[in-house]
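No value in this document is a laboratory result; all are computed from the given coordinates. A quick note: this is a predicted structure, and the numbers were derived from the prediction, not measured. Methodologically, a virtual Cβ is constructed for each residue, glycine included, from the backbone with ideal geometry; neighbour enumeration extends over all protein chains shown.
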Amino acid sequence: MANFASRFSRRTIALFWMVLVGIVIGVLIAKEQISVLYVLVTLSLVVLLLIVGFSDLEKAAQRMKDEANES
């Protein structure tokens, strides 16, 4: 994975993920598996809320402030 990350930028990797998620969602809708889609969306929201809940936003804001003052 480290070699993959060194060849592609973060933006390109994010684009790959978005395309992959779009394909999965399209296939689930085409196969009429809406219940599976509901479960995946619910789990995704839980993961997103956990990431935001455990992130240290105050420290990140201070770090950005310090970097802005240095330049």
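Can you tell me how much longer the chain between GLN62 and ILE34 gets when fully stretched, taken as 0.36 nm per residue apart minus their C-alpha distance, in nm with one decimal? Walk me through the numbers on the way to the answer.
Working: separation 28, 0.36 × 28 = 10.08 nm, distance 4.28 nm.
Gain in length upon complete extension: 5.8 nm.
Using only Cα atoms, find the angle between the long axis of helix 34-54 and the longest principal axis of the chain, and express it within 0 to 90 degrees, rounded to the nearest 10. It is inclined by approximately 10 degrees. Look at the dipole of the chain built from charges on Cβ: of GLY53, LEU37, ALA68, the Cα furthest out on the positive end belongs to LEU37.
Roughly how tilted is helix 57-70, in degrees to the nearest 10 and between 0 and 90, from the longest Cα axis of the chain? The answer is roughly 50 degrees.
Assuming 0.36 nm per residue, please report the length gained on full extension of the stretch LEU50 to THR12 beyond their Cα-Cα distance.
Numbers: separation 38, 0.36 × 38 = 13.68 nm, distance 2.50 nm.
Once the chain is fully extended between LEU50 and THR12, it gains 11.2 nm.
Shape descriptor for the chain: Rg over Rh equals 1.15 (Cα atoms; Rh from the Kirkwood inverse mean 1/r). Dividing the helix sum by the residues of the chain, where each DSSP H run of 4 or more adds -39500 (n - 2.57), gives a mean residue ellipticity at 222 nm of -29000 deg cm²/dmol. For the chain, the longest principal axis of the Cα atoms and the long axis of helix 10-30 meet at an angle of about 20 degrees.
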